[in-house]
Amino acid sequence: MAAAIDTNKTDRTHYSYTAYQTDSITRNFDAMRFGGSFGRYIAEHQLSFVLKHIDNPSGSRILDLGAGTGRTALPLSRLGASVLAADASEKMLSIIQEKSFLQGIPLELAQIDAHTLPFPDKSFDTVITFRLIMHVVNWRQTLSEICRVSRNTVILDFPPKCGLAGFAPIVHHLVRPFRKNHQSYRVFNISDITSALYAEDYVVTAMDKHLVLPFGLHRFVNSSGFTAVSESVLAKAGFRDLFGAPVTVIARRRKCLQ
């Protein structure tokens, strides 16, 4: 496993570094994020969207940045992709390493900082990053690095200001004093992401706005049937296009589209 790479101006006390080194988060991450019927629904939906937009994963060189516990890296590697699973958290990577060993899935691991990627330009066919841009210290620097090392495709997600996630800053302000390592994640205007990608010579070619109702409600009900039916009704009524979250975008390097 590669050594961690510090950047000169990155605040290493930021929760995005400290929270994901705690056992309470890392060991319970899969259960919290992808446990139960709803968790599996989320994981399957996101992977399905990714596979629709990766040109022949078998043989592709893919960087999964902020790989967490391997929810994307492991399935892609199983399909024949050459995947580098990278994360700033050594504890997260140890979980991926354990999973890949138990499942017999080959996977390359690296502990790196997303703000300064130690790879030459266009090192990967595709760079995928879920739940990263919202947490990093400097999202524009991170996005620039992601675009730099991708040869063709960038896939990322973020919470939009137009949905219920837009209230997150208010909630964070109220909760932060009472919770250690509270994850005060950032929310975005969709135009901020698309324009930042365009500045890096990328064009958004596909977009998925997932859920209208709060994740907390879906987790409480914990029924993929409830989620599928309720969100289908809201989508048909036009609410998903207006308020769906998180937003996942597929961006292609402009020269690759010509």
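Between D64, D30, D55, the distinction of being charged (D, E, K, R), closer than 19 Å to T129 by Cα and modelled with pLDDT of 90 or more belongs to D64 only.
Can you find, within the range 103-125, the residue that is surrounded by the most Cβ atoms within 10 Å (Cβ to Cβ) among those that are at pLDDT 95 or above and in contact with a Lys or Arg (Cβ under 8 Å, 6 or more places away or on another chain)? My answer is F124.
Return yes or no: is Y185 surrounded by 17 or more Cβ atoms within 10 Å (Cβ to Cβ), in contact with a helix residue (DSSP H, G or I) (Cβ under 8 Å, 6 or more places away or on another chain), among the hydroxyl-bearing types (S, T, Y) and within 18 Å of R148 (Cβ to Cβ)?
Details: surrounded by 17 or more Cβ atoms within 10 Å (Cβ to Cβ): yes; in contact with a helix residue (DSSP H, G or I) (Cβ under 8 Å, 6 or more places away or on another chain): yes; among the hydroxyl-bearing types (S, T, Y): yes; within 18 Å of R148 (Cβ to Cβ): no.
Spelling it out, it is not the case that Y185 is surrounded by 17 or more Cβ atoms within 10 Å (Cβ to Cβ), in contact with a helix residue (DSSP H, G or I) (Cβ under 8 Å, 6 or more places away or on another chain), among the hydroxyl-bearing types (S, T, Y) and within 18 Å of R148 (Cβ to Cβ).
Looking only at residues of the range 83-98 that are out of contact with any Leu (no Cβ under 6 Å at 6 or more places or on another chain) and surrounded by 18 or more Cβ atoms within 10 Å (Cβ to Cβ), we find that the one that is farthest from R33 (Cα to Cα) is A88. Could we say that S48 is over 17 Å from the mean Cα position of the chain (by Cα) and either within 19 Å of I112 (Cβ to Cβ) or free of Cβ contacts under 8 Å to residues at least 24 places away in the same chain (or both) here? Considered against the rule, which asks whether it is over 17 Å from the mean Cα position of the chain (by Cα) and either within 19 Å of I112 (Cβ to Cβ) or free of Cβ contacts under 8 Å to residues at least 24 places away in the same chain (or both), S48 comes out as no.
How about the range 222-232: which of its residues are buried (at least 16 other Cβ atoms within 10 Å of the Cβ) and either among the aromatic types (F, W, Y) or in contact (Cβ under 8 Å) with a residue 40 or more places away in the chain (or both)? Walk me through it before giving the result.
Here is the first cut: in the range 222-232, the ones buried (at least 16 other Cβ atoms within 10 Å of the Cβ) are 224, 226-227, 230-231.
Those that are buried (at least 16 other Cβ atoms within 10 Å of the Cβ) and either among the aromatic types (F, W, Y) or in contact (Cβ under 8 Å) with a residue 40 or more places away in the chain (or both): S224, F226, T227.
A search for C-beta distances below 7 Å between a residue of the range 233-258 that is at pLDDT 95 or above and any residue that is assigned to a helix (DSSP H, G or I) and among the aromatic types (F, W, Y), counting only pairs 6+ apart in sequence or on different chains, returns T248/F49.
The values are calculated or read from the model by the stated rules, or taken from the named source; none is laboratory data. Predicted model only: the values in this text are computed from it and were never measured. A quick note on method: Cβ atoms are made from the backbone with ideal geometry, for glycine too, and the neighbour counts reach across all protein chains shown.
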